[in-house]
Amino acid sequence: MPPPLTGYTDRFSAAPGGRIAFKISSTFEEAYDVDVVRIIHGDPNPDGPGVKLRPVKTDIEGRYPSRFQPTHLGSYVVVDDMPGLHGLNGFSVAATIWPTLPDKGPQAVISKGDPTAGAGFALEIGPDGASFAVGDGAGGETRVAVGKRIRRHQWYRVRASHDPSTGTITVSQEPLKAEHGVDDDGTATIALKSTAAPDTPEPVLVAARSGRVLHRHFNGKIEDPFIAATADHEVLRALPPGKLPDSTVLGLDFGRDFSGVRVHYSGSRPEELTQNLNMTSPPPVTFNPGTADPAAPAARLVNLPARAVTGSNWDGTEMSFRHAPEQYRAIHFHEDDLADCGWEDDFVFDIPEDMPSGVYGCRIRCRHAEDVIPFYIRPRKGKPTSDVVFLASTFTYQIYANHQRNVSDHKFREKGKRWGAAQYLPDDHSDYAHSTYNLHTDGSGVGYSTRLRPIMTMRHNFLTFDDPYGSGLRHFPADTHLIDWLDAMGHDVDVITDQDLDDEGVELIAPYKVVLTGSHPEYHTKGTLDALTEYAHERGGRLMYMGGNGFYWRVARSEDWPGALEIRRAEGGIRAWAAEPGEYYNAFDGQYGGLWRRNGRPPQQLAGVGFSSQGAFEGSHYRRSEGGDDPRAAWILEGINEEVLGNFGLSGGGAAGFELDRADIRLGTPENAVVIASSESHQPSFIAVLEDQLSQRNTVTGVPHDKLIRADITYFDTANGGAVFSVGSITFCGSLSHQDYKNSISRMVDNVLRRFKET
Ligand SMILES: [Fe+2]
């Protein structure tokens, strides 16, 4: 069940003069109320400053009629109908497949129309093996199945043919590699109930079947699907691997244009053939659910299946699809893929000229239901309104979007109600697909995440963990700890997002004296990492890295999939799943995916510290080290007399917790870096990151395992008056508001920010 009232925006950020469109789905009969708030503090924990939302008068305030907007999960290929697919005197369909859930129920490999309703055909797999169904033209179908189980994660050829001369249909399945003792090779033929041609003007679908809504989504890989104007099953059987019959009328080549929406035809002949035939059938059907784009190519992907995955002929000689595209002709489809909910606009916000840069929310309310959809107002391009800018980690928020953690037990839910936390939990609603920390239903890792959907985890008052020592906030809500502190301390800041920085590069931040990150700026494109590096290391910018496990994974974007990010959980790193061999390269940009460290750019190079240890969501403290008295950095701890820093806070109960970063010259920490404090006394749940471990004894940089479990607060100067200050812990910002913002952590950050912006 989808949440009763929710929505999303067409973009995360806009400047005055720009506009943001809101797409709302409501299951209520009556209208819902809309207003806008400025989000200052999202943490509903009664032990902290509490939620602070400041109402803002805008033109979009008002009542709007409710309407339900559906979301269709599942990826597939759609090919508009074409003349060559009509008037055939017998035909065949075939593909090479690698199913991942063959026992789950019928899943379409190639279909046209809905034979169960009497028209079209479908080559499918299911518990009774490969099957073929054709419509009888009278509201029913003829169906034949091989009747032998198909093994998961094995390659098969599946073929079907319709032969009006004999009045039969035939289906076959053939494993590419037979397994001893397994009988899964077979053919079945049956007499047709009707000699009517299974003609329909509907489009051809790969990996789904038409109907009232698309259904029977395929799970697994499909390679070289085709339709041929031959009824002879033996012609299909005799085909060498990768070869299509001469009579092919539609063949699809998935081994091209890996980042795109467009699907290419195999060779040039099928396209010519279909275009040159006389048009005797109905005109091409435009079939484009969710994205009514008349300019869409005739054969295209919907809902972002996995590309650049190994095909049936991948032999390990190349690890990148760019080097052997012919070995990457498969696409991995999932029944739970999503690229874009495709909802219509309900209202559009024209950003007033005088709207200050900041974090905002569009609040929608109806009866007991409430949702606050966040958005950012950034300054106009080239017109900063402050010396300081907060870079919202929207790539990271998006990568984690709707992360289902299975942590929502009764106690957690009761706490959420008591505190007035966000109402919708991903554990309850899988309607808007997964995060890249989840697995697809077929057990494969989720490698794409779109922002064009409601994001339950990106709400100011969303609780992630049942944190016994604090609030359990992460990401967007956790970053309001910093937004609130800036507000409470009177620091004016502009706000921009990762997308803004990726789109515009270093020039966007160059005018600022200081860039502040949030608690967990983990995911970066080459564009955002380059911009921050040039800013802080060459252009005299001052970077305040206010979190942990930052600058860790490499992500990619594609112009064809504007809402999406791609992640390959390639070798190394603390990972939610592991990319398959041969699939470490991003389809979107062709680059080696995974850790930036494995791309020669450990976080220490930019920030002085990098991921070193992870534990449960619990915190400890830092202890001032010798570097705290170093004349280059002594000003940072000015006015702070304590040796122990941050043994308090709303995130895990301590400033050093959950994910910790350390300085390490062997990983790129600059020689002139000063560590002013290091954390200690971490709980038994903490382990050293896997990429630093070689064995139970040895580590990559020679630091003993237990010494890797620490966060270092680190400072260094850079060229042209630049500087970097890094705290190296995800829970750090949770400590800022302690004792009415009068505490050692708050004082330290204030010392740094004032010096950075005032000198
Ligand atoms: Fe993370």
Ranking request for peptides 450-457, 177-184: highest mean number of other beta-carbon atoms within 10 Å first, then the rest in descending order. 450-457, 177-184
Can you find, among G649, V134, A231, the residue farthest towards the positive end of the dipole of the chain? Put +1 on the C-beta of Lys and Arg, -1 on that of Asp and Glu. G649
Taking R0 as 51 Å, what FRET efficiency do you get between Q739 and F28 from their Cβ-Cβ distance, rounded to the nearest 0.05? 0.75
Taking the Cα centre of segment 713-759 as origin, sum charge times position over the Cβ atoms of Lys and Arg (+1) and Asp and Glu (-1), and report the length of that vector in debye to the nearest 20. 60 debye
Which is farthest toward the positive dipole end of the chain among Y512, P477, N743, measuring Cα position about the Cα centre, with Cβ charges +1 (Lys, Arg) and -1 (Asp, Glu)? N743
If you take the Cα atoms of the chain, find Rg, then find the Kirkwood Rh from the mean of 1/r over all pairs, what is Rg/Rh? 1.02
Please give the calculated 222 nm ellipticity per residue for the chain, where each DSSP H segment of at least 4 residues contributes -39500 (n - 2.57) and the sum is spread over every residue; nearest 500 deg cm²/dmol? -3000 deg cm²/dmol
Cross-link table K52/K513; K177/K221; K23/K381; K52/K411, entries beyond 21 Å C-alpha to C-alpha: K52/K513; K23/K381; K52/K411
Quick one: if you stick a label point 7 Å off each Cα along the C-beta vector at I190 and W635, how many nm between them? 8.2 nm
Taking 608-621, 679-692 and ranking on average Cβ neighbours within 10 Å, highest first, one gets 608-621, 679-692
Only Lys, Arg (+1) and Asp, Glu (-1) charged, at Cβ; segment 486-613 dipole about Cα centre in debye: 700 debye
Here, GluC sites (Glu not before Pro) of segment 623-675 satisfying both criteria (DSSP loop; at most 11 other Cβ within 10 Å) are E638, E671
Cβ neighbours within 10 Å, averaged per peptide: list 508-519, 139-150, 724-735 in order, most packed at the top. 724-735, 508-519, 139-150
Chain lengthening between W577 and H215 when straightened (0.36 nm per residue, less Cα-Cα): 127.6 nm
Shape call for segment 297-342 from the C-alpha gyration tensor, a ≥ b ≥ c root eigenvalues: rounded (a/c under 1.5), prolate (a/b greater than b/c) or oblate? prolate
Calculated P(r) tail over 14 Å for segment 502-565, as whole % of Cα pairs: 59 percent
Put one equal scatterer on each alpha carbon of segment 589-660, apply the Debye formula with no solvent term, and list log10 I(q)/I(0) at q = 0.13, 0.16, 0.19, 0.25 1/Å to two decimals. -0.58, -0.78, -0.95, -1.11
Within the chain: Cβ-based charge dipole about Cα centre, in debye rounded to nearest 20 (Lys, Arg +1; Asp, Glu -1): 580 debye
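Any read-out appearing in this document is the output of simple, stated calculations on the displayed coordinates, not a laboratory observation. Computed from a prediction, not measured in an experiment: that's the story for all the values here. Cβ coordinates were reconstructed from backbone atoms using ideal geometry, including for glycine residues, and neighbour counts include every protein chain displayed.
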